[in-house]
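Input: a single structure, listed below in structure tokens.
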Amino acid sequence: MQITRQADYAVRAVLYLAQQGNGARVSTAQVAQEQHIPPTFLAKIISQLSTAGVVRATRGARGGITLARPPEEISLLEIVEAIDGPVALNECTHDPGLCIMGETCSVREVWCDVRAALVSRLKQTTFDQLTRPALAPAAAD
């Protein structure tokens, strides 16, 4: 499994907003420039994040984007799923009927366990944690 470039950009944009402080509003042009995200691509991402209730976008001369909720209420999982949809390692983790091996596959349990661990880790990681430099890098297990 690989996170798409679009989801990576979304994570970078949300992290940038979280780093700006409580309620800070910044222009999409500033986010695009600071995070090296193509502006047209960022516009699509902001639209998706707005629909998901993660950011608020305001148009006009004093417009910009801001987090819709505090960073401690926004998880990595929420951003990834807002952009890429549900996390899946293999289609059988959601529906064993899609695989000809079905419930008898000896690997399916491993895929399901790994998916559950990944989802759990992404869900537990919030953007307030990521704004604290000492806590940002995950410890390798």
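The values are calculated or read from the model by the stated rules, or taken from the named source; none is laboratory data. Since we're looking at a predicted model, the values are computed, not measured. Every residue, glycine as well, gets a Cβ built from its backbone with ideal geometry; the counts of neighbours run over all protein chains shown.
Which is over 23 Å from residue 88 (Cα atoms), crowded, with 20+ Cβ neighbours inside 10 Å and small (Gly, Ala, Ser), of 18, 68?
18
Mind listing whichever residues of region 42-59 are among the charged types (D, E, K, R) and within 16 Å of residue 12 (Cβ to Cβ)?
If the condition is that a residue be among the charged types (D, E, K, R) and within 16 Å of residue 12 (Cβ to Cβ), then 44 is the only one that fits.
Does region 66-105 hold any residues that are in a helix (DSSP H, G or I) and among the charged types (D, E, K, R), and which are they?
In the first step, residues of region 66-105 are kept if they are in a helix (DSSP H, G or I); the result is 71-73, 76-84, 91-93, 96-98, 102-104.
Answer for region 66-105, where residues must be in a helix (DSSP H, G or I) and among the charged types (D, E, K, R): 72, 73, 78, 81, 84, 91, 103.
Starting from residues that are in contact (Cβ under 8 Å) with a residue 40 or more places away in the chain and not in a strand (DSSP E or B), keep the ones in region 20-58 and report whichever is nearest to residue 129 (Cα to Cα).
22
Of the residues 140, 61, 136, 116, only one is exposed (fewer than 15 other Cβ atoms within 10 Å of the Cβ), among the aliphatic types (A, V, I, L, M), modelled with pLDDT under 95 and part of a helix (DSSP H, G or I); which?
Details: 140 fails: part of a helix (DSSP H, G or I); 61 fails: part of a helix (DSSP H, G or I); 136 fails: part of a helix (DSSP H, G or I).
Of the residues listed, the single one that is exposed (fewer than 15 other Cβ atoms within 10 Å of the Cβ), among the aliphatic types (A, V, I, L, M), modelled with pLDDT under 95 and part of a helix (DSSP H, G or I) is 116.
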